[in-house]
Amino acid sequence: MANMDKKKTPIPEQEPQVRNKNFEEVALGYTEEMAKNEAARCLNCKNKPCVEGCPVNVRIPEFIGKISEGDYEAAYEILTSTNSLPAVCGRVCPQESQCEAKCVRGIKGEPVGIGRLERFAADRHITCAEKKACPTIQKNGVKVAVVGSGPAGLTCAGDLAMNGFDVTVFESLHDAGGVLIYGIPEFRLPKSIVKKEVEQLQGYGITIKTDMVIGKTMTIDELFADGYEAVFIGSGAGLPQFLNIEGESLLGVYSANEYLTRINLMKSYKDGYDTPAVKSKRVAVVGGGNVAMDAARCAQRMGAEKVYIIYRRSMDELPARSEEVHHAIEEGIEFQLLRNPVKIIGDENSRVVGIECVEMELGEPDASGRRRPIAKEGSNFVIDVDTVIISVGTSPNPLIKSTTKGLEANKHGCLVADENGATTREGVFAGGDAVTGAATVILAAGAGKTAASAMMKYLEEKKKK
Ligand SMILES: Cc1cc2nc3c(=O)[nH]c(=O)nc-3n(C[C@H](O)[C@H](O)[C@H](O)COP(=O)(O)OP(=O)(O)OC[C@H]3O[C@@H](n4cnc5c(N)ncnc54)[C@H](O)[C@@H]3O)c2cc1C
Ligand code: SF4
């Protein structure tokens, strides 16, 4: 019988005042009983609006139906038929603006907790499923290279390997996973989960070569010369943008990328790691996206007494996932909304001592569709801080474009690719943040999937010639 409760089955979480001092996962996940209870809220709608809301069209009512029946492995198989990273997506996808936004249960109450159920089925598989031998795949002897091991690269590599291609992933960092491993903090996405999903894909025979900066260690042309017959570029958008205001080179100013990489990838929050930990007392994080929320919540966990988010629009325009904004507020982060920094102030030793801001008001919507923030003249004020973390966006690193002939990029530095991921250079495909600019995990994974199928077609055609 359907569960007509208007609210989602609550998910157990660590208490805010406990979790804001540790890096363990905030949300603890559903038990079997909770998952079945939530699955019973799904009405198995005929027209499946939730599926349309998902960028990779996960077969949502079908997988939820299997959870209701207690057939968790079948639920996992349905999930992975269209999404290679369900444990990741169940945790970090912006469900409230995708599948759950379309769920009919959301009309008179809360939508079905699709993300929570996705996470449940994926975690259950990781922890409980009997280890099945990976299917033996008939190799076709065709070598393909993938640049970058984020969700775009991994998904593309997985699909190609499952179809018999000999896939090598080249990753510039010392660990695979892209932003999932170097950006998103442990308390939101445990690295052990990312590693399990990477291992799952490696089971299909993918080789991952780390510490390989394509464009420097080896160029795309050298990959072709080495016998790779097609290349997928999933190099992300890891180049931080700054505000271009006075004081940005002071000691104590970080890009969110650097700050989060030190903490997550280089494990500066853990004893026994050599990365110097930043000991801040008062921190200002500039920006309102997921990255800003992660940086602020990390700063709190690293021992800061006061952490501010400074954002130039209002709460309604915050681009971060609503769950993460809610978590940040619960943990004690203070939101300075409708405020914009104009200057970072330093002392005689060039160390940050404050950030000068102006108050803002909202005008008409701009090209992004959000209301344009306008500064109120003479409203300047200073917040005392010793650390400023800039989190106002990133763009693709120009390295690969600048060392690859015939590869075009647009004025934002994003690689030009058609709807199938084909770039302006023959045999080179691209997808994810490298093409769209900073976006989401599921869009990157979807682009990897689309490109993999276009690459297979391309290689098939090439063989015929
Ligand atoms: C802190 C943070 C929090 C986020 N939170 C969310 C969230 O909650 N939900 C969500 O959906 N999205 C979130 N995002 C965005 C999401 O993570 C990205 O959109 C997604 O990871 C993009 O995937 P990708 O595969 O295109 O690139 P990436 O994940 O950036 O991976 C690219 C990989 O390529 C490697 N690389 C780059 N250049 C080279 C080179 N020349 N040679 C070899 N390797 C190279 C990089 O080291 C990296 O590992 C967040 C992003 C950040 C930074
Ligand atoms: S829209 Fe909601 S209730 Fe309907 S099938 Fe999808 S998840 Fe179930």
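The values are calculated or read from the model by the stated rules, or taken from the named source; none is laboratory data. Remember, it's a predicted structure, so these values are computed and weren't measured experimentally. Cβ coordinates were reconstructed from backbone atoms using ideal geometry, including for glycine residues, and neighbour counts include every protein chain displayed. Just so you know, the surface numbers come from the protein's heavy atoms only, side chains and all, with ligands and any DNA or RNA stripped out. Shrake-Rupley method; radii C 1.70, N 1.55, O 1.52, S 1.80 Å.
Binning at 10 angstrom from zero up to the longest distance, how are the C-alpha pair distances of the range 43-199 distributed in percent?
10, 35, 35, 17, 3, 0
In what order, largest first, do E77, E38 sit by accessible area if the probe radius is 1.4 Å?
The ordering from most to least exposed comes out as E77, E38.
Taking the Cα of Q14, stepping 7 Å toward and past its beta carbon, and measuring to each backbone N in the range 291-326: which are under 11 Å?
Only 301-302 pass the distance filter.
Quick one: accessible surface of T80, probe radius 1.4 Å, all protein chains present, in square angstrom to the nearest 10.
The value for T80 is about 50 Å².
Report L28's accessible area, 1.4 Å probe, all protein chains in place, as a number in Å² to the nearest 10.
The value for L28 is about 100 Å².
Quick check: with the 1.4 Å probe, what order do E69, E331, E248 take by accessible area, largest first?
E69, E248, E331
Among the aspartates and glutamates, which have Cα under 15 Å from the Cα of K209 when same-chain residues fewer than 8 positions away are ignored?
Qualifying aspartates and glutamates at Cα under 15 Å: D166, E171, D175, E199, D226.
For the range 1-137, what % of the accessible area comes from carbon and sulfur atoms, probe 1.4 Å?
53 percent
Give me Rg over Rh for the range 353-456, both radii from the alpha carbons and Rh done the Kirkwood way, two decimal places.
1.16
Looking at A434, P276, A74, which one has the Cα that reaches farthest to the positive end of the dipole of the chain (charges on Cβ: Lys, Arg +1; Asp, Glu -1)?
Of the candidates, A74 comes out farthest on the positive side.
Based only on the alpha carbon positions, what is the Kirkwood hydrodynamic radius of the chain, in angstrom? Write down the numbers at each step before the final one.
Values: mean 1/r = 0.0427 Å⁻¹.
Mean inverse Cα-Cα distance, inverted, gives 23.4 Å.
Residues with beta-carbon under 14 Å from that of K463, excluding K463: net charge, scoring Lys, Arg +1 and Asp, Glu -1? Don't skip to the end; give the middle numbers.
On the way: positive: K143, K457, K462, K464, K465; negative: E229, E460, E461.
Computed value for this residue: +2.
List the longest stretch of the chain that has no exposed loop site; here a site is one of the chymotrypsin sites (Phe, Trp or Tyr not before Pro) assigned by DSSP to anything other than H, G, I, E or B, with at most 13 other Cβ within 10 Å.
Of all site-free stretches, the longest is 1-241.
Using every alpha carbon pair in the range 136-262, what percent of pairs falls into each 5 Å bin from 0 up to the bin containing the largest distance?
Once binned at 5 Å, the Cα pair distances of the range 136-262 give 2, 10, 19, 20, 16, 12, 9, 5, 3, 2, 1, 0.
Counting only heavy atoms of the protein chains, get the accessible area per residue of the chain (1.4 Å probe) and round it to a whole Å² value.
Computed with neighbouring chains in place, this is 46 Å² per residue.
With every protein chain kept in the model, how would you rank L399, L265, L43 by accessible area, 1.4 Å probe, largest at the top?
L43, L399, L265
Using modelled amide H (1.01 Å from N, peptide plane; none on Pro or chain starts), what sits under 5 Å from the amide H of F232, excluding residues fewer than 5 places away?
A145, V146, V147, F429
Nearest-5 percent of antiparallel DSSP beta bridges in the chain?
If I count the DSSP bridges inside the chain, around 40 percent turn out antiparallel.
Given a 1.4 angstrom probe, I'd like the percentage of the accessible area of the range 266-367 that is carbon and sulfur, rounded to a whole number. Let's see the in-between values first.
Details: 2030 of 4580 Å².
Looking at the range 266-367 in its full context, I get 44 percent from C and S.
Cβ neighbours within 10 Å, averaged per peptide: list 215-221, 363-369, 85-91, 344-350 in order, most packed at the top.
85-91, 215-221, 344-350, 363-369
Over 30 Å between C-alpha atoms is what I'm after, so list which of K196/K270; K411/K464; K102/K449; K306/K343; K36/K102; K8/K270 land there.
Check vs 30 Å cut-off fails for K411/K464; K8/K270.
Would you work out which of G148, N83, N47 lies farthest towards the positive end of the dipole of the chain, given +1 charges on the beta-carbon of Lys and Arg and -1 on that of Asp and Glu, about the Cα centre?
Farthest along the dipole direction, towards plus: N47.
Work out the charge dipole of the chain with +1 on the Cβ of Lys and Arg and -1 on the Cβ of Asp and Glu about the Cα centre, then indicate which of M293, L443, M360 is farthest towards its positive end.
Value computed over the given set: L443.
Taking amide H positions as placed 1.01 Å from N in the peptide plane, with prolines and chain starts having none, which residues 5 or more places from V353, or on another chain, fall under 5 Å of its amide H?
I345, G346, D347
Enumerate the amide H contacts of K209 below 5 Å, restricted to partners 5 or more residues apart or on another chain; note that Pro and chain-start residues carry no placed amide H.
Here V169, F170, E171 satisfy the definition.
Roughly how many Å² of K463 are accessible to a 1.4 Å probe, to the nearest 10?
Accessible area, nearest 10 Å²: 150 Å².
Using the Kirkwood radius over Cα pairs, work out the Stokes-Einstein diffusion coefficient for the range 270-418 at 37 °C and 0.692 mPa s, in µm²/s as a whole number.
Calculated translational D: 189 µm²/s.
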